[in-house]
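Taking it in order: structure first as structure tokens, then the write-up.
Quick note: the coordinates plus some simple rules give every number you see, no bench work behind them. This one's a predicted model, so the numbers in the text were calculated from it and none came from an experiment. Cβ placement follows ideal geometry from the backbone for every residue including glycine, while neighbour counts extend to all protein chains displayed.
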Amino acid sequence: MASIWKSVAAGAIGGVAAVAAMNAYQAVVNAVSKKVSCGPALNLDDAATLDIAKAIAEAMCGFELSEAQERCAFLTVQYSVGVALGAIYGFLAERFPATAKGAGTGFGAAAWLLGDEIAVPLLGFTNSPEYRSLSGHANALAGHVVFGAATDAARKLLLRAI
């Protein structure tokens, strides 16, 4: 059994890899969706993440971001959340091994439910969930399941290496 701190660190690093995997998943879905329906798949996560980045920048710096700064702030928020969720997963998986059942997919689904469906709308960064289409919910859930599985896989790989 790994130390709790090694598992947290491996989970945090895994969260970085998982954000990249989630973004790759979304790119594939968008590419397929454009070919099938002549339009991108609905991804409200990007809009909410950008709104969160803008709100943080305005609160901390007191000014609106340029377009170039928006992209950087967006990625900073996205990867920061990935690191934080990965660290939480690393802690939970080590402390409560049942959390890792399903290779992180349950954790990803929980992150979707608690984040996308509850916290982000309550904070006013997206409309409440009933305004999102069923395919929008399914796409977001699938992306978070990819995130959870990638976090778990990266964490396990890193723990074997250290």
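Worth a mention:
- Point-to-point label distance, GLN69-THR105, nm (Cα→Cβ direction, 7 Å offset): 4.3 nm
- When only alpha carbons of the stretch 86-137 are considered, Rg and Dmax amount to 13.4, 37 Å.
- For GLY104, no residue whose modelled amide H falls within less than 5 Å of its own remains once neighbours fewer than 5 places apart on the same chain are excluded.
- Taking one quarter of the surface of the C-alpha convex hull of the chain gives a mean projected area of 10.7 nm².
- From phi via Karplus (6.51, -1.76, 1.60), per-residue ³J(HN,Hα) for the stretch 147-162 in Hz, x at Gly/Pro: 4, x, 5, 5, 4, 4, 4, 5, 4, 5, 4, 5, 5, 5, 7, 10
- Kirkwood hydrodynamic radius (C-alpha pairs) into Stokes-Einstein, the stretch 105-160, 10 °C and 1.306 mPa s, D in µm²/s: 133 µm²/s
- Within the shell of other residues whose beta carbon sits under 10 angstrom from the beta carbon of ILE4, the net charge comes to +1, with Lys and Arg scored +1 and Asp and Glu -1.
- GNM result for the chain, Cα springs below 10 Å: residue of PHE125, PHE147, PHE107 fluctuating most strongly: PHE125
- Karplus-derived 3J(HN,Hα), 6.51/-1.76/1.60, for each residue of the stretch 12-24, Hz, glycine and proline x: 4, 5, x, x, 5, 4, 5, 5, 4, 5, 5, 5, 5
- Label sites at ALA119 and ALA47, each approximated as a point 7 angstrom past Cα along Cα to Cβ, lie 2.1 nm apart.
- Couplings 3J(HN,Hα) of the stretch 85-92, computed from phi: 5, x, 5, 4, 4, x, 5, 5 Hz, in residue order, whole Hz [Karplus 6.51 cos²θ - 1.76 cosθ + 1.60, θ = phi - 60°; x for Gly and Pro].
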